[in-house]
Amino acid sequence: MRELSGSDMAMLAELERKILWLAIWTIHNANHLRDTGDGLKVGGHQASSASIATIMSALYLHALRPEDRVAVKPHASPVFHAIQYLLGNQTLDKLQRFRGFGGAQSYPSRTKDTDDVDFSTGSVGLGVAQTLFSSLAQDYVRAHGWGLDRPEGRMVALIGDAEMDEGNIFEALLEGWKHGLRNTWWVVDYNRQSLDAVVREGLWAKFEAMFRNFGWDVVVLRHGTLQQAAFREPGGERLRQWIEACPNQLYSALTFGGGAAWRARLRDELGDQGEVTALLDRRTDDELAALMGNLGGHDMPSLLEAFEAAKAHDRPVCFICYTIKGFGLPLAGHKDNHAGLMNPAQVETLRRAMGVRPGHEWDRFEGLATPPERLQAFLSAVPFNAQGTRRLQAPVIPVPDSFPVPAGRELSTQHGFGLLMHDLAKGDTPLARRIVTTSPDVTVSTNLGGWVNRRGLFAREELADVFRTERIPSTFHWRFSPQGQHLELGIAEMNLFTMLSALGLSHSVTGERLLPVGTLYDPFIERGLDALNYACYQDARFLLVATPSGITLAGEGGAHQSIMTPLIGMAQDGLASFEPTYVDELAVLLHWSFGHMQRSGGGKDEAGDDAGGSVYLRLSTRTVAQPVRQLGPDDAADIVAGSYWMRRPGPNAEAVIAYAGAVAPEAVEALGLIAEDRRDVGLLAVTSADRLHGGWTASQRAGEGRGGAAPSHVERLLADVPRHCGIVTVLDGHPATLGWIGSVHGHRTRALGVTRFGQTGTIADLYRAAGIDAQAIVAAAQAVAPGRPMRYLRAV
Ligand SMILES: Cc1ncc(C[n+]2csc(CCOP(=O)(O)OP(=O)(O)O)c2C)c(N)n1
Ligand SMILES: [Mg+2]
């Protein structure tokens with residue numbers, strides 16, 4: 001690391017002030033110059049930004065290296081953008097449009113911002129855990145011998161102290177410990193304020209103990225150099241004791257009050273104690289305020305020293321940096337400052353204090369004493385920025401032309417998935433080598449056992465399977481090694497999704513592509529949903545295999561039966577969702593998924609998905625008879641587009657049954673029952689309500705007002721279905737998933753599905769109770785396709 005001379009330190013201090021000014025001005029500009037009255041003012045950016053500006057300046061302008069990756073706490077976004085602006089990576093235009101459409105984002109976004117955001121943040125806690133899992137992903141990549149020509153990066157999270165309330169952080173800590181976490185820094189902006197309040201006394205002692213317990217180094221930066229010097233003066237020790245005993249609320253309130261308030265209070269509390277009184281009296285009010293505000297997190301020398309010391313090893317480090325929310329601003333310390341905004345007069349005062357002339361607010365070096373050439377030279381030499389944009393790319397891993405369909409007359413999709421993965425595991429293809437599987441304690445029960453037997457579990461150090469060495473027969477080999485390709489996680493589903501997020505960004509973060517496949521029980525998607533959403537939001541690429549699903553799980557009961565997940569799959573951006581029935585469909589989809597996960601370059605495909613993205617396969621444990629057929633390329637394309645005719649309706653069709661997933665046998669049975677009383681009945685297999693709907697909406701949008709667009713897949717499929725024909729849709733999930741199909745061409749539709757919690761029972765019991773059995777389908781067909789009574793409809 002470059003040495004900093006005295007003049008460098010002076011420049012760093014100047015630039016730090018400039019960063020704070022630019023951040024404050026950016027927010028002020030967004031709120032006051034373009035006040036739209038639409039809620040733009042809500043935000044809490046100014047006080048949060050001021051709290052962390054010194055820490056971020058120390059990191060970005062000195063301590064970080066190009067290979068390091070950072071998650072910035074959400075409300076520090078203006079500071080991040082200001083730093084990137086100084087470094088030449090952010091445009092003035094985007095800063096001026098901060099919080100506006102197309103402008104710099106309110107919370108750092110990998111996909112929307114253009115200034116090299118490493119990890120998106122916004123939903124607190126998630127970016128923090130992302131750094132931990134990214135470090136594990138980096139270990140995985142390097143243990144496999146990839147990317148060794150690049151320096152190892154450090155994963156850094158800048159955290160608000162109240163962020164630590166989020167449970168996913170603790171779940172991640174546990175997992176990090178199990179996997180021997182390294183190269184991770186969490187820097188806590190310990191301003192003892194959250195959004196509403198001042199944080200509880202003594203909380204950090206608990207956190208500190210916990211971090212140490214998990215094998216982290218904890219570095220507490222409590223007092224800055226000014227305070228440390230004062231403590232060495234006569235009476236200084238007494239002052240230190242007072243500061244350390246001062247409750248958070250009071251410290252905040254006195255900070256807000258300023259130098260005179262400090263003096264009055266300190267005199268009051270410390271009494272006339274000679275030495276300490278003299279210590280206070282030697283300082284003006286302003287100097288006293290500066291002294292009391294000189295906490296570790298606002299003290300550049302302390303920060304630089306702490307970061308430098310931590311660079312000497314790769315242990316995970318938690319830095320607890322004492323700060324004051326709103327430091328250096330009139331909002332400093334006030335408990336209501338989170339949503340507080342400086343009024344124009346206050347900004348004007350700050351502008352003058354910063355030496356910024358009106359009209360020169362955006363000038364990079366305005367008001368700084370050091371000549372611009374020297375400041376520019378300093379910035380040009382900043383290590384973090386030395387290699388320009390730091391986002392990496394990785395070549396596409398070739399995917400074979402197709403996957404062979406596993407043999408078996410009766411199979412479930414879950415079983416088929418296991419067989420397909422096992423088949424992949426057997427071949428030493430580039431694809432198989434880059435796949436990494438992970439599961440939250442449901443590896444075997446989601447049928448990944450065959451894959452894991454072949455490819456092994458990952459750990460940085462060998463660990464034998466004791467059952468095997470003790471010669472106790474077991475179906476599964478639980479052998480850990482650095483070559484293993486399965487990451488076994490504890491049950492916490494948040495960790496699964498954050499891990500997928502980290503593995504799924506490896507191409508961009510480490511320059512080495514991984515193809516992550518995660519499995520879990522479908523209902524527990526809801527447990528990790530925010531992390532799943534987060535992973536998609538930042539365009540991580542992974543395959544999610546969720547099984548078992550729905551009430552089809554029968555005997556396990558309502559707590560394990562998913563209902564709403566098909567709607568999650570439809571609504572989740574960045575995630576193409578499928579629910580196949582047959583294993584040949586699954587083979588097509590799995591094959592397509594490995595391509596889709598790797599595609600990039602903008603644009604949408606016909607189903608309205610971005611050219612590439614992640615994939616969610618909702619699978620089932622229900623064994624169904626497999627069709628005897630050979631799928632051709634057109635069939636495969638239909639399966640990927642979301643639907644095909646299992647039985648094409650005749651020209652005079654009166655009823656169509658559209659089904660998805662495990663209820664196919666009921667749909668087929670109902671078709672037979674209806675066929676005697678309604679003409680030309682059709683059977684539509686829906687493999688992806690998500691893609692079908694997405695394609696339809698995209699085509700509508702493209703066509704509206706422009707004389708129509710090419711019809712979408714579902715429009716083409718239903719084009720020849722007579723208008724008087726009724727449609728019954730059915731799936732083991734929420735009926736709204738398919739109910740929209742009637743709107744495509746205006747067919748009368750009855751949507752069957754599950755709307756109430758399930759319970760234990762047989763599949764037949766539960767389908768009957770939920771109204772998705774063959775009889776329910778017949779009854780619905782009777783309702784939407786009126787005619788003579790269906791003879792096979794039983795009276796209930
Ligand atoms: C999951 C989630 N819940 C709530 C919020 C709203 N929120 C944003 S910041 C914040 C608390 C800020 O406190 P802290 O983390 O200490 O940050 P500071 O501004 O003090 O640095 C809250 C509740 C959020 N962004 N994400
Ligand atoms: Mg805080």
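Between segment 91-152 and segment 749-796, what is the C-alpha centre distance in whole Å? So the separation of the two Cα centres works out to 49 Å. From the Cα gyration tensor of segment 411-453, with a ≥ b ≥ c the square roots of its eigenvalues, which class applies: rounded if a/c is under 1.5, or else prolate if a/b is larger than b/c, or else oblate? Oblate. Between Ala278 and Leu463, the modelled label-to-label distance comes to 6.2 nm, taking each label 7 Å out from Cα in the direction of the beta carbon. What net charge do the residues around Gln782 carry, taking every other residue with its C-beta under 13 Å from that of Gln782, with Lys and Arg at +1 and Asp and Glu at -1? Cβ neighbours under 13 Å give a net charge of +3. Most tightly packed first, judged by the mean number of other beta-carbon atoms within 10 Å of their residues, the peptides 229-235, 325-331 read 325-331, 229-235.
Rolling a 1.4 Å probe over the heavy atoms of the protein chains gives the chain an accessible area of 39 Å² per residue. Length available on full extension from Asp93 to Ala571: 0.36 nm per residue minus the Cα-Cα distance, which gives 168.8 nm. The length gained by stretching the chain between Trp362 and Val220 to full extension, at 0.36 nm per residue less their Cα-Cα distance, is 47.6 nm. Stretching Phe757 away from Asp314 to a fully extended chain increases their span by 154.6 nm, per 0.36 nm per residue minus the current alpha-carbon distance.
Over segment 472-587, the pair-distance histogram of Cα-Cα distances with 10 Å bins from zero comes to 12, 38, 35, 13, 1 percent, rounded to whole numbers.
Of the DSSP H helices in the chain, those with a Cα length along their own long axis of 24 Å or more and a mean Kyte-Doolittle hydropathy reaching -0.5 comprise 6-28, 126-143.
Per-residue packing, averaged as other Cβ atoms within 10 Å, sorts the ranges 276-283, 186-193 into the order 186-193, 276-283, beginning with the highest.
Using r as the Cβ-Cβ distance of Asp286 and Asp336, and R0 as 22 Å, what FRET efficiency do you calculate, to the nearest 0.05? For Asp286 and Asp336, the calculated efficiency is 0.35. Ordered by solvent-accessible area of protein heavy atoms (1.4 Å probe), largest first, the residues Asp336, Asp314, Asp401 come out as Asp401, Asp336, Asp314. Model label sites at Arg701 and Ala143, defined 7 Å from Cα along the beta-carbon direction, differ in position by 4.1 nm. Taking amide H atoms as placed 1.01 Å from N in the peptide plane, the amide H of Ile727 lies under 5 Å from those of Val656, Arg748, Thr749, Arg750, each 5 or more residues away in sequence or on another chain. Once you order the gyration tensor axes a ≥ b ≥ c over the Cα atoms, which shape class does segment 564-718 get: rounded for a/c under 1.5, otherwise prolate or oblate by comparing a/b with b/c? Oblate. On the beta carbon distance between Ser402 and Glu373, with R0 = 51 Å, the FRET formula returns roughly 0.25.
For segment 44-125, the relative contact order works out to 29 percent when only alpha carbon pairs closer than 8 Å and six or more residues apart are counted. With a simple spin-label model that places each label point 7 Å from the Cα along the Cα-to-Cβ direction, the separation between Asp720 and Glu233 comes to 9.3 nm. In the chain, the DSSP-assigned H stretches of four residues or longer account for a calculated mean residue ellipticity at 222 nm of -12000 deg cm²/dmol, using -39500 (n - 2.57) per stretch and the full residue count as denominator. For Leu489, the residues whose modelled amide H falls within less than 5 Å of its own, excluding neighbours fewer than 5 places apart on the same chain, are Ser439, Asp441. Sorting 121-128, 609-616, 557-564 by average packing, meaning the other beta carbons within 10 Å per residue, from highest down gives 121-128, 609-616, 557-564.
Working from Cα pairs under 8 Å separated by at least six residues, relative contact order for segment 377-460 is 31 percent. Average projection, convex hull of the Cα set of the chain: 39.1 square nanometres.
Across the accessible surface of segment 557-715, with the other protein chains kept in place and a 1.4 Å probe, carbon and sulfur atoms take up 52 percent.
A Förster distance of 30 Å, applied to the separation of the beta-carbon atoms of Ala386 and Thr111, puts the FRET efficiency at 0.75.
For a test of the definition: using alpha carbon positions, the gyration tensor, and the 1.5 limit on a/c, classify segment 367-520 as rounded, prolate or oblate. Because a/c hits 1.5 or more and a/b exceeds b/c, segment 367-520 counts as prolate.
Just how far, in whole angstrom, is segment 436-494 from segment 496-532 if you go by their alpha carbon centroids? Segment 496-532 and segment 436-494 have Cα centres separated by 18 Å. Could you please state how large a percent of the accessible area of segment 738-795 is carbon and sulfur, counting protein chains only and using a 1.4 Å probe? That fraction is 52 percent. Cα-based radius of gyration for segment 496-649, normalised by 2.2 N^0.38 Å, reads 1.06.
The values are calculated or read from the model by the stated rules, or taken from the named source; none is laboratory data. All values derive from a computational prediction rather than experimental measurement. Note that we place each Cβ from the backbone using ideal geometry, even for glycine, and neighbour counts take in every protein chain shown. Ligands, DNA and RNA are stripped out before the accessible areas are found, and what is left, the full protein with its side chains, is counted by its heavy atoms. Shrake-Rupley method; radii C 1.70, N 1.55, O 1.52, S 1.80 Å.
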